[in-house]
Amino acid sequence: MATARFPQLAIMAIALLAALSSLSLVASHRFMVGSCRASGHLRGKTGHCNTENDSDCCEAGKMYPQYRCSPPITSNTRATMTINSFAKGGDGGGPSECDNKYHSDSEKVVALSTGWYNGGSRCLNYININANGKSVRAKVVDECDSVHGCDADHDFQPPCPNNIVDASPAVWKALDIPESQVGDYDITWSDSCRASGHLRGKTGHCNTENDSDCCEAGKMYPQYRCSPPITSNTRATMTINSFAKGGDGGGPSECDNKYHSDSEKVVALSTGWYNGGSRCLNYININANGKSVRAKVVDECDSVHGCDADHDFQPPCPNNIVDASPAVWKALDIPESQVGDYDITWSDA
């Protein structure tokens, strides 16, 4: 009898371990979905490392975590600010990724961890940095590489952590941070979205089906390459647009090169939120008038170009627009008298 019990106990133990393993994997998966974990490790190699700003230099054989993501961006994203010289011969290594140039220590410029750098989507845009009771506006010119490092291109420094704003001496000076505290400093930051230029209006055939705003000859219209930060409830202005052929939306939709009937729940997003098409054919949730509706992103509400036939001779969009089909307005039960510019919130579905 005793010998018969051991196999049974072994089987029970194996089943228990399998169950625990399964639970562990589920918990691990849940954790990974909502967080940013290391995607791998890089073995350190040594070489000439510029220690101008007390740089952390690679140690031979040491394993450094690599990150392809960064924490979620909010209107006040928490980060660690470090100091870096983007000048030639400085501890920043090669020229900046965004413009292939060096930048003097008197320029307010920064590099962002790989996830926030986002493949260069913030290149040459500005961010607001808040610290020490002050705020400063700085230009993104480089990536603080969270994947690669320990080579000449990275000044034999290890990969960046995933929450770094690597700032020039001019940024530290503008924030009036005492020299004794220069190093790793807790900050918050947000995207700074200002007009990148102006477009001179030209007139032409403009479809006024939905009381469209038509270009005026010679009028200067602001252009935006960015939009306000995205949160779980991003504030926006909803406008109405027909994505049908012959409608006031101009040509076919950017995402699928198709027209969409007024009965489809579809939207266009301002250039910054459209983000080079990264939201194409994905859905967003729109909240307004005490209701919520799910709509598909099919087009860009171009905040840079306009006043031409491709844009129905309408001016560039403001940077905070969700341009929605009549079906979206109908689903939100918004009275016809209020159709036009309507305050909403939205989030990725």
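The values are calculated or read from the model by the stated rules, or taken from the named source; none is laboratory data. It should be emphasised that the depicted structure is a prediction, and the values quoted were computed from it without experimental measurement. Neighbour counts are summed over all protein chains in view; Cβ atoms, including those assigned to glycine, are modelled from backbone coordinates with ideal geometry. What goes into the accessible areas is simple: the full protein's heavy atoms, side chains included, and nothing from ligands, DNA or RNA. Shrake-Rupley method; radii C 1.70, N 1.55, O 1.52, S 1.80 Å.
Could you order the peptides 105-117, 271-283 from most to least packed, using the average number of other C-beta atoms within 10 Å per residue?
Peptide ranking by packing, descending: 105-117, 271-283.
Scan [x] 229; [y] 163; [z] 218 for the value of volume of the Cα convex hull per residue in Å³ calculated from this model and give just the label.
Computed from the coordinates, volume of the Cα convex hull per residue in Å³ corresponds to [z].
For labels at Met63 and Lys134 in the simple 7 Å Cα→Cβ model, what's the distance in nm?
That separation, rounded to one decimal, is 4.2 nm.
Could you estimate the translational diffusion coefficient of region 35-104 from the Stokes-Einstein equation, with Rh from the Kirkwood formula over C-alpha pairs, at 10 °C and 1.306 mPa s, in whole µm²/s?
Rounded to a whole number, D works out at 108 µm²/s.
Taking a cut-off of 14 Å between Cα atoms, list the aspartates and glutamates near Lys202, but don't count ones fewer than 8 places away on the same chain.
Within reach: Asp213, Glu216, Asp308, Asp310, Asp312.
Measuring with a 1.4 Å probe in the full set of protein chains, what accessible area per residue, in whole Å², belongs to the chain?
53 Å²
For the chain, which whole-number percentage of the solvent-accessible area (1.4 Å probe, protein heavy atoms only) is attributable to carbon and sulfur atoms?
49 percent
Return the FRET efficiency for the residue pair Ser75, Val182: r is the Cβ-Cβ distance, R0 is 30 Å, and the value is rounded to the nearest 0.05.
0.70
Hey, for a label at Asp56 modelled as a point 7 Å past Cα toward Cβ, could you say which residues of region 139-162 have their backbone N under 19 Å away?
From region 139-162, the list is 143-162.
Would you calculate a helix-derived [θ] at 222 nm for the chain, using -39,500 (n - 2.57) for each DSSP H run of n ≥ 4 and dividing by the full residue count, to the nearest 500?
Estimated from H runs of four or more residues: -4500 deg cm²/dmol.
If amide hydrogens are placed 1.01 Å from N in the peptide plane, which non-local residues have theirs closer than 5 Å to the one on Cys144?
When sequence neighbours closer than 5 places are left aside, the close amide H contacts are Leu112, Ser113, Thr114.
Considering just Cα atoms, how many Å³ per residue does the convex hull of region 138-191 enclose?
In region 138-191, the Cα hull volume divided by residue count equals 107 Å³.
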